[in-house]
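S.K.: Before we start, here is the structure in question, set down as structure tokens.
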Amino acid sequence: MIVFTGVKKQYDDGFQAIKNIDLEIKEGEITVLIGPSGCGKTTTMKLINRLIQPTGGSIRIQGRDIASLNPVELRRQIGYVIQNIGLFPHMTIAKNVGVVPRLLKWDKDKVERRVDELLGLVGLDPDTYRNRYPSELSGGQQQRIGVIRALAADPDVILMDEPFSALDPISREQLQDELVRLQQELRKTIVFVTHDMDEALKIADTIVLMKDGEIVQADRPERILRYPANDFVKSFIGKKRLQSAGTELVAPELAPSVDDVMVEQPATAFPSRGLAEAVKLMERRRVDTLLIVDKNRKLQGTVSIYNVLDQYAEENKTVADVMRPVEHTVPSGTSLAIALQLMSAKQLSNLAVVGEDNRFVGLITRGSVVRHMADLYASGSNGGDAYASVIV
Amino acid sequence: MLLLSSEFLKDFDVFIRERYPDLLQATGQHLILSGVALALGVLVAVPAGMLLAHYPAKWARTGAFGVANIFQTIPSLALLALLIPLFGIGTKPAILALFLYSLMPILRNTYTGFRSVDPAILESARGMGYGAAQRLMRIQFPLAFPYIMSGIRVTTVYIISWATLATLIGAGGLGQLIVSGIGVNKEELVVAGAAAAIVLALLADGVLGGIERRVARRAHPKAASK
């Protein structure tokens, strides 16, 4: 357990990076420090391995005040993973992973066994990767090495400073999943800094939300979502959600428009497509209906799988011959409530959203509505009730 | 034209056979002059460059580079002349002058090499429990090594060519052959001295390059294979 008591950090220029923090980091858990940039989350983490010295208060690990320990020896007992991976380019993968064990003067065989074991742990074949250099690995592989390097000397505490933020989204998700999987076996005390709420919600046992050098709320993710302490917490959660939906920042109280909910890239086809092509496209996109748009993206009609199969035998026909006109559309910017009423009244499974000149901009489907609702409830915003009743 | 005439080559051949011991002795002197100056330069400039990179106090950096720059810009003949009233003539002042010339390129390359190490790498080394000296020797030095070596190689070539002037203050070396050749109007002497200096410079550069590649292959496998 790591306990912060009245910890302060003030820089020489008078800037207070950390203002009187009290915090208990529980053993065997992933504690995520999150907040906007400059909130002091990284500083808080670096206080733990004394990369930064506090100007007041005390930090205890397992009851021992870390100020009384030799910083270099302390750091060898704490795993450390940084954002820019920080692998040593002049050392092989095996040398990189074995850095801390070698600093701790383990014997050679033991280090080698440990390195192979750790490589296996993240699914990298030791015989293939042991003697490679970091530059020969992909970003995701490099950060896997970064993570196992932190585990090498089997420390109880591991600090991770935005470890996955420089990776592409797919590698990031993979590494998050792997971290959660590893943690189930290893039960380390992990302090994880991030600015990504989705990442925090995915991996955290406890989320510590910080702002301006202070802790705003520290609690289980579930409780933070259900009982956000104040408007800052709400907006931090809400803002992230809206950003991930790819829309402009709007206050959560505002009723959403169809543009927030629609699928922006639904399956569309040009009128000149043949019927077999249409079937293939539906198969690939896993849909039963295609929207037919011309090259200016003007909505021409809609084709369902039944329309196509009815006339499939006629090889010369195109989707333009079998399509049916779109009866109902809503203009971009319509409120979601109106669109839902329309869908409900006309028993529509989907509803096209059009811009000026009947230009097709997106599609509201039942799935997209459900996803939107799920997001709203997940964010704990109480704005959801207002239009929940519309759907029921 | 003179060089290509067979008569000259025949004379040159005879000359070399005759003066072989002199040529060898001059080459030996030249090697000692350059080698000692270079070794001193490396011993002083590499640690100085490391220190400057480690303590980024601006006045220290400006001062050190300023002094080294000044030595670099004094014409070599003038520097040798200036040293006569201070240190007399002979091998010592010649080595001192060459040493002063070697400082700047080695210092600057060492400094640049150490500064070029990614701060994220140093941060991660610190966070994992490398002490300050371990960081310097196990992380920064190997990563800065190619820069340091390129500084040393450039300097070596310069020093070997400048060492031909050392004869003017009585330090001997291959310059002596050239200067006396000019004095007695004997082309064979001039050509032999100059050619030996060129070969020496090329050989030294080749040897250092070999060392650099051997070490770099271990340190930067990608960069070396390019």
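S.K.: Taking the mean number of other Cβ atoms within 10 Å as a proxy for protection, how do you rank A:328-340, B:38-50 from highest to lowest? Could the numbers behind the result be given before it?
M.R.: Values: A:328-340: 16.7, B:38-50: 19.5.
Taking the mean over residues of other Cβ atoms within 10 Å, the ranking is B:38-50, A:328-340.
S.K.: Starting from the Cα-Cα distance between B:LEU82 and B:THR112, subtract it from 0.36 nm times their residue separation and give me the gain in nm to one decimal.
M.R.: On the way: separation 30, 0.36 × 30 = 10.80 nm, distance 3.10 nm.
Length difference between fully extended and current span is 7.7 nm.
S.K.: Let me ask something else about it. If each residue of separation counts as 0.36 nm, what is the full-extension length gain between A:GLU185 and A:SER349 once their alpha-carbon separation is subtracted?
M.R.: Numbers: separation 164, 0.36 × 164 = 59.04 nm, distance 4.49 nm.
Separation in residues times 0.36 nm, less the Cα-Cα distance, equals 54.5 nm.
S.K.: At a temperature of 37 °C and a viscosity of 0.692 mPa s, determine how fast the stretch B:26-220 diffuses translationally according to Stokes-Einstein, using the Kirkwood radius over alpha-carbon pairs as Rh; express D in µm²/s, rounded to the nearest whole number. Each step should come with its number before you reach the end.
M.R.: On the way: Rh = 18.0 Å.
Estimated diffusion coefficient is 182 µm²/s.
S.K.: Select from the stretch A:1-80 those trypsin sites (Lys or Arg not before Pro) which occupy a DSSP coil region and have at most 15 other Cβ atoms within 10 Å, ordered by residue number.
M.R.: Numbers: sites: A:LYS8, A:LYS9, A:LYS19, A:LYS26, A:LYS41, A:LYS46, A:ARG50, A:ARG60, A:ARG64, A:ARG75, A:ARG76; in loops: A:LYS26, A:ARG50.
Those that pass, being in a loop and sparsely packed, are A:LYS26.
S.K.: While we're looking at this one, here's another question. At a 1.4 Å probe radius, which order do B:LEU31, A:LEU51 fall into by accessible area, largest first?
M.R.: Listed by decreasing accessible area, they come as B:LEU31, A:LEU51.
S.K.: Now, a different point. Ordering B:LYS92, A:LYS298 from largest to smallest accessible area (1.4 angstrom probe), what's the sequence?
M.R.: On the way: B:LYS92 170, A:LYS298 80 Å².
Ranking B:LYS92, A:LYS298 by accessible area, largest first, yields B:LYS92, A:LYS298.
S.K.: For chain A, which longest stretch is free of loop sites, where a loop site is one of the GluC sites (Glu not before Pro) that DSSP puts outside H, G, I, E and B and that has at most 14 other Cβ atoms within 10 Å? Display every interim value, and only then the final one.
M.R.: On the way: sites that count: A:GLU27, A:GLU248, A:GLU253, A:GLU264, A:GLU314, A:GLU315, A:GLU327.
Maximal segment without exposed cleavage sites: A:28-247.
S.K.: Could you grab the relative contact order for the stretch B:26-220? Cα pairs under 8 Å, six or more apart, rounded to a whole percent.
M.R.: On the way: 238 pairs, mean separation 54.9, N = 195.
Normalised by residue count, the contact order of the stretch B:26-220 is 28 percent.
S.K.: Multiply the residue separation of A:ASP127 and A:THR5 by 0.36 nm, subtract the distance between their alpha-carbon atoms, and state the gained length in nm to one decimal. All intermediate terms of the calculation are to be shown ahead of the outcome.
M.R.: Working: separation 122, 0.36 × 122 = 43.92 nm, distance 4.69 nm.
That pair, A:ASP127 and A:THR5, stretches by 39.2 nm at full extension.
S.K.: For chains A and B, what's the summed buried accessible area, probe 1.4 Å, to the nearest 100 square angstrom? Before the final figure, lay out each step's value.
M.R.: Details: alone 20300 and 12880 Å², together 31230 Å².
Answer for the A-B pair: about 2000 Å² buried.
S.K.: Note down, for the protein assembly as shown, the three equivalent ellipsoid semi-axes (square root of 5 times each alpha carbon gyration tensor eigenvalue), biggest first, whole angstrom. Walk me through the intermediate numbers first.
M.R.: On the way: eigenvalues 966, 265, 100 Å².
That gives 69, 36, 22 Å for the three semi-axes.
S.K.: Something else now. Run the simple label-point estimate for B:LYS10 and A:ASP168 please: 7 Å along Cα→C-beta, distance reported in nm.
M.R.: The modelled label-to-label distance comes out at 7.4 nm.
S.K.: Also: Obtain the nm distance between the two label points defined at A:GLU214 and A:TYR312 by a simple spin-label model: each point lies 7 Å from its Cα along the Cα-to-C-beta direction.
M.R.: 6.6 nm
S.K.: Sticking with the crude label model, points 7 Å out along Cα→Cβ, report the distance from B:ALA39 to A:GLN341 in nm, one decimal please.
M.R.: Computed distance between label sites B:ALA39 and A:GLN341 equals 9.6 nm.
S.K.: Within a 10 angstrom radius of each residue's Cβ in A:90-103, how many Cβ atoms of other chains show up on average? Whole number is fine. Don't skip to the end; give the middle numbers.
M.R.: Values: counts 13, 5, 2, 0, 0, 0, 0, 0, 0, 7, 3, 0, 1, 7.
If you average over the peptide's residues, the count of other-chain Cβ atoms is 3.
The values are calculated or read from the model by the stated rules, or taken from the named source; none is laboratory data. This is a predicted model, so every value here is computed, not measured. Positions of Cβ are backbone-derived with ideal geometry, glycine not excepted, and every protein chain shown enters the neighbour counts. The accessibility values were calculated without ligands, DNA or RNA, using every heavy atom of the protein model including side chains. Shrake-Rupley method; radii C 1.70, N 1.55, O 1.52, S 1.80 Å.
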